[in-house]
Amino acid sequence: MVQFIGTVRVSPSLAIFALRGRQFSFQSSLLSLSRNGLSLFSLSKNGFSPFKRILRACFISNASGNADAQYQSEIIFMGTGTSEGIPRLSCLTNPLKKCPVCSKAVEPGNKNRRLNTSLLIRYSGPGERRNILIDAGKFFYHSALQWFPAFGLRTIDAVIITHSHADAIGVKAIQVMKKTHYYLVDTSVLTPGAAVSELQFNIIHEEPFVACDLKFTPLPVWHGLGYRSLGFRFGNICYISDVSDIPEQTYLLLKDCEILILDALRPDRSSSTHFGLPRALDEVRKIQPKRTLFTGMMHLMDHEKVNVYLSKLLETEGLDVQLSYDGLRIPVTL
Ligand SMILES: [Zn+2]
Ligand SMILES: [Zn+2]
């Protein structure tokens, strides 16, 4: 049974959550649901009153729940780009130079079109199907607008945050969120009648935790000098979206990885906060996953060209590596 707890406002800088009574966490702060619940995206005006929309959502959710068992779990890349998004506005408006990747990325459906890095796990566990989102950055609304209708998604049951940058959550840490999104942290300040989600904030202490019956193991990494970010392992999938260095202890948690999703910012070199492609490939050689998908690519990464190069590594080294893209859906076993 799904019980409604509140409607959710969509904002470009904050994720939209539907919350159910399971604990989940993220590094700097952790959201979890205080009660069973379901919320709706305000993606279109459909003429229903909020109350009717709620009933309609409950009906749909329950109706689909019976069929959940037949579904396989899957991951969907909600975004695979850098903080600024691709195409970059500065490239499109430059009268002196045409950026080859950004000019391609303008075309709808082009795989160079990338929004903030984010992954949705559609988990068909022992109960009903659950949607667990990793990161919800400043462009999340636009990602959801594109991929939620496309994949028949309507709810988010848990949100896990890798780090405090704006392309991951839009706030710095729980202390900052208490200021910037105070109305979510302390709903007692709300104007009577105002509708927001009921969220419970928890802290991840780099220990394994469970979200929606799925176990997550944090993968602590460096994301710039002295700044910690978390990757996450769930099943044999390892997701590390923001990394400049991997501590030795974290490699132990990456053993027998089947699908590695790894940061690769640019084709030529690493930055102070992100792996570039050469370093990312070195890590793949060290970690030895069965399959690797890179994410977090900037506008210098041409999807087709880089993937042609990466395909050759399968022939020469046996490395199964490719760039991911927004909207990529992969069936997985969890
Ligand atoms: Zn560009
Ligand atoms: Zn970051």
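Scanning region 75-102 for residues that are charged (D, E, K, R) and more than 8 Å from ligand 1 (Cβ to nearest atom) gives E84, K97, K98. Could you go through region 167-176 and let me know if any residue there is within 16 Å of ligand 2 (Cβ to nearest atom), more than 18 Å from the chain's Cα centre (by Cα) and in a helix (DSSP H, G or I). Looking through region 167-176, at least one residue is within 16 Å of ligand 2 (Cβ to nearest atom), more than 18 Å from the chain's Cα centre (by Cα) and in a helix (DSSP H, G or I). Screening R53, R88, R113 for residues that are away from ligand 2 (no atom under 16 Å from the Cβ) and at pLDDT below 95 leaves exactly one candidate, R53.
Being of a type outside the set (S, T, Y), surrounded by 14 or more Cβ atoms within 10 Å (Cβ to Cβ) and within 25 Å of E74 (Cβ to Cβ) is the requirement here; does L184 meet it? No, not satisfied. For region 103-124, the condition holds for at least one residue, the condition being that it is in contact with a Cys (Cβ under 8 Å, 6 or more places away or on another chain) and away from ligand 1 (no atom under 16 Å from the Cβ).
Looking across region 198-245, the residues that are touching a residue at least 60 places away in the same chain (Cβ under 8 Å), over 24 Å from H181 (Cβ atoms) and part of a strand (DSSP E or B) come down to V210, L214, G231, F234, I237, Y239.
Kindly indicate whether V306 is under 28 Å from N131 (Cα atoms) and in contact (Cβ under 8 Å) with a residue 12 or more places away in the chain. Considered against the rule, which asks whether it is under 28 Å from N131 (Cα atoms) and in contact (Cβ under 8 Å) with a residue 12 or more places away in the chain, V306 comes out as no.
Condition check for S143 on (1) over 14 Å from the mean Cα position of the chain (by Cα); (2) outside any loop (DSSP other than H, G, I, E, B): one failure, at (1).
Going residue by residue through region 118-125, is there one that turns out to be in a loop (DSSP other than H, G, I, E, B) and within 16 Å of ligand 2 (Cβ to nearest atom)? Within region 118-125, not a single residue is in a loop (DSSP other than H, G, I, E, B) and within 16 Å of ligand 2 (Cβ to nearest atom).
Can you tell me which condition L310 does not meet? The list is (1) more than 16 Å from ligand 2 (Cβ to nearest atom); (2) assigned to a loop (DSSP other than H, G, I, E, B); (3) among the aliphatic types (A, V, I, L, M), and all the others hold. Answer for L310: the failing condition is (2). Taken together, D326, D268 contain a single residue that is more than 16 Å from ligand 2 (Cβ to nearest atom), among the charged types (D, E, K, R), in contact (Cβ under 8 Å) with a residue 24 or more places away in the chain and surrounded by 15 or more Cβ atoms within 10 Å (Cβ to Cβ), which is D326.
Scanning region 272-303 for residues that are exposed (fewer than 13 other Cβ atoms within 10 Å of the Cβ) and under 23 Å from the mean Cα position of the chain (by Cα), we see that the one that is farthest from ligand 1 (Cβ to nearest atom) is K290.
The values are calculated or read from the model by the stated rules, or taken from the named source; none is laboratory data. Here the structure is a predicted model, which is why all the values come from computation and not from measurement. Every residue, glycine among them, receives a Cβ derived from its backbone with ideal geometry; neighbour counts consider all protein chains shown.
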